[in-house]
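The structure appears right after this line, and notes come after that.
The values are calculated or read from the model by the stated rules, or taken from the named source; none is laboratory data. Bear in mind the structure is a predicted one, so any value in this text is a computation, not a measurement. Cβ atoms come from the backbone with ideal geometry, glycine included; neighbour counts cover every protein chain shown.
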Amino acid sequence: MDDFYKTLEVERSATGDEIKANYRKLAMKWHPDRNQGSVEAEEKFKAISEAYSVLSDEAGRKAYDARLAAWESGAPDPSAQGAAYGAQYANQEVYEEFFRSFAQAAAAAQAAQAQGGGFRQGFTREQATDMFMNEMYDLAIELTLQNVRWQDIAAELAKRGCPEAAAQEIARKIEKQRKAMVRGTAKPYFLRSALTGFFGLSLVAIFGGVGLGLIGLIGLIMCLSSGYNLIRAIYFITTGNTPRRSLI
């Protein structure tokens, strides 16, 4: 049975972020476009993609850990046990649907093991490429939320093995979506700030010079606060930037 943790070069106690970081590093290293004509690179690329598809999913990782522990200890396969248990209680509706998936998983696992594949079901190059592109989208989102320019995002994706044309398309699309999201959020914020400022200005005009000076002072504070918020709202609407900034 293949050890997906070794495939991704991480400890079994690795966090999700550590698994993701190592997948991205290894995918960049073994991407077929960076290793033209190398059968070894393509096989490694598919293997790390398959390992990541399991370990990046919380439920999939738990199921894999249970099977890995059982396989290493020589104990019966937990999924096979589940299938037998499900058959025993097949007349009970509450168990039937739940354990059907275990039966299917056990059958698939046995077929894969008979072919020498262990836990692995076998990733195609297309599946591995799709997973890699999804990770490139995730990385682009992470970077654009730090206000990294689309040109820099495209360069980063290309450096990691993403085809240049696809990298530019992803980067432009993600930046456009980020700006639309920020501007959509900032517009009602701008309106609320403007209304608050107008109300504060009215309080200053009405109560600022008479006996209710405290209310006028409150109005002045509202004017200053709304003025600051208006400037921020105008900045976000104009630039489409998120409130924080960082570098790649």
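Filter the helices (runs of 4 or more DSSP H) completely within region 1-69 down to those with at least 2 residues that are of a type in the set (A, V, I, L, M, F, W, C) and not assigned by TED's automatic domain parsing to the domain that holds Glu164.
Counting at least 2 such residues, we get 16-30, 39-55.
Within region 187-196, identify whether any single residue is of a type in the set (A, V, I, L, M, F, W, C) and within 19 Å of Glu142 (Cβ to Cβ), and answer yes or no.
No, every residue in region 187-196 fails to be of a type in the set (A, V, I, L, M, F, W, C) and within 19 Å of Glu142 (Cβ to Cβ).
In the list Ala69, Ala63, Ala14, Ala59, which residue meets the criterion of being within 30 Å of Ala155 (Cβ to Cβ), among the small types (Gly, Ala, Ser), modelled with pLDDT of 85 or more and out of contact with any Asp or Glu (no Cβ under 6 Å at 6 or more places or on another chain)?
Matching residue, one of Ala69, Ala63, Ala14, Ala59: Ala14.
Hey, among the residues in region 140-154 that are outside any loop (DSSP other than H, G, I, E, B) and out of contact with any Asp or Glu (no Cβ under 9 Å at 6 or more places or on another chain), which one's surrounded by the fewest Cβ atoms within 10 Å (Cβ to Cβ)?
Gln151
Looking at this structure, is Ala166 in a helix (DSSP H, G or I), outside the structural domain of Trp30 (by TED's automatic domain parsing) and in contact with a Phe, Trp or Tyr (Cβ under 6 Å, 6 or more places away or on another chain)?
No; evaluated as a whole, the condition is false for this residue.
Determine, yes or no, whether Arg183 is surrounded by 13 or more Cβ atoms within 10 Å (Cβ to Cβ), touching a residue at least 24 places away in the same chain (Cβ under 8 Å) and charged (D, E, K, R).
Yes, satisfied.
Could you list, in sequence order, all residues of region 161-188 that are more than 19 Å from Leu145 (Cα to Cα) and not hydrophobic (A, V, I, L, M, F, W, C)?
Gly161, Pro163, Glu164, Pro188
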